[in-house]
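Peer 1: Quick one: the structure is below, and I'll ask about it shortly.
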Amino acid sequence: MKHIKRYYSKEIDTPHGKLIIEGPVTPERLAEMDFHKDLISFRTPEKQHKALIEIARFPEGRIIVARDGNVIIGYITFHYPDPLERWSEGNMENLLELGAIEVIPKFRGASVGKNLVLVSMMDDAMEDYIIITTEYYWHWDLKGTGLNVWDYRNMLERVMNVGGLKWSATDDPEICSHPANCLMVRIGKRVSDESIQQFDRLRLKYRYSY
């Protein structure tokens, strides 16, 4: 499968000034940007910056960033699912995972996350993919946001809905381990029925194993 990446950008106003939402960003451009010290949800800022550069090098990898000048203050990632997860078992070339979305505390509540999702879906090439995101409550910044687990889950759903991702049933044990965890899915307009059926066998693995 040929992975086509078309660049898009959007300027948004926030209480703290204008931001540029853009991508997919090349690894070379990512390396030139500064990475905000408050982007610490997944690992240290230095390591996460390097991780984004590596993802951008993948043929299928997509990084959309929100930047204040030359400083990345938020990002969203797309790549193939982790080889250790069930979603990679079908070796589906047209299945991408929205792996991470993060915005620094200063800009939360300014629709930065929603705009990251919106810009990522501007590319018509996304209609060739099934996009999934797996949400686990233990990754959520409940302390920093002051939200309880259900309010945070509702907030995430609203953000993902902007890009057409909807809640979807699954029997994945890790997702099923807590009722707030969830799978969200967007199926592109050009995805074949065969691919949808293959994905359903991954999504509901135990139902199809009998």
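The values are calculated or read from the model by the stated rules, or taken from the named source; none is laboratory data. Since the model is a prediction, treat every value here as computed from it, not as a measurement. Positions of Cβ are generated from backbone atoms using ideal geometry, with glycine treated the same way; all protein chains shown enter the neighbour counts.
Peer 1: Restrict the check to segment 19-28 and report whether at least one residue is buried (at least 20 other Cβ atoms within 10 Å of the Cβ) and more than 15 Å from residue 112 (Cβ to Cβ).
Peer 2: So far as segment 19-28 goes, yes, one or more of its residues are buried (at least 20 other Cβ atoms within 10 Å of the Cβ) and more than 15 Å from residue 112 (Cβ to Cβ).
Peer 1: For segment 113-131, indicate whether the set of residues that are over 24 Å from residue 19 (Cβ atoms) and under 13 Å from the mean Cα position of the chain (by Cα) is non-empty.
Peer 2: Looking for residues that are over 24 Å from residue 19 (Cβ atoms) and under 13 Å from the mean Cα position of the chain (by Cα), one finds at least one in segment 113-131, hence yes.
Peer 1: Between residues in segment 1-18 that are loosely packed, with under 11 Cβ neighbours inside 10 Å and residues that are in a strand (DSSP E or B) and among the basic types (Lys, Arg), which pairs lie under 6 Å by C-beta distance while being six or more apart or on different chains?
Peer 2: As it stands, the answer is 11/18, since those pairs meet every condition given.
Peer 1: Looking at (1) in a strand (DSSP E or B); (2) modelled with pLDDT under 95, which is the only condition residue 42 fails?
Peer 2: (1)
Peer 1: Can you report the number of residues in segment 164-183 which are touching a residue at least 60 places away in the same chain (Cβ under 8 Å) and closer than 15 Å to residue 131 by Cβ?
Peer 2: Looking only at that region, the number is 1.
Peer 1: Sticking with this structure for a sec: Could you tell me which of the residues 96, 183, 116 is assigned to a helix (DSSP H, G or I) and either among the hydroxyl-bearing types (Ser, Thr, Tyr) or in contact with a strand residue (DSSP E or B) (Cβ under 6 Å, 6 or more places away or on another chain) (or both)?
Peer 2: Going through 96, 183, 116 in turn, just one is assigned to a helix (DSSP H, G or I) and either among the hydroxyl-bearing types (Ser, Thr, Tyr) or in contact with a strand residue (DSSP E or B) (Cβ under 6 Å, 6 or more places away or on another chain) (or both): 116.
Peer 1: Can I ask one more? What's the total number of residues in segment 144-197 that are acidic (Asp, Glu) and either in contact with a Lys or Arg (Cβ under 8 Å, 6 or more places away or on another chain) or under 18 Å from residue 98 (Cβ atoms) (or both)?
Peer 2: Within segment 144-197, residues that are acidic (Asp, Glu) and either in contact with a Lys or Arg (Cβ under 8 Å, 6 or more places away or on another chain) or under 18 Å from residue 98 (Cβ atoms) (or both) number 4.
Peer 1: Which residue is modelled with the lowest pLDDT, if the candidates are limited to segment 136-172 and must be within 20 Å of residue 41 (Cβ to Cβ), more than 13 Å from the chain's Cα centre (by Cα) and small (Gly, Ala, Ser)?
Peer 2: This residue is 144.
Peer 1: Within segment 106-128, how many residues are surrounded by fewer than 21 Cβ atoms within 10 Å (Cβ to Cβ) and either basic (Lys, Arg) or within 14 Å of residue 4 (Cα to Cα) (or both)?
Peer 2: The number of residues fulfilling the criteria is 10.
Peer 1: Which count do you get for residues in segment 72-105 that are surrounded by 15 or more Cβ atoms within 10 Å (Cβ to Cβ) and more than 30 Å from residue 206 (Cα to Cα)?
Peer 2: Total meeting the criteria: 8.
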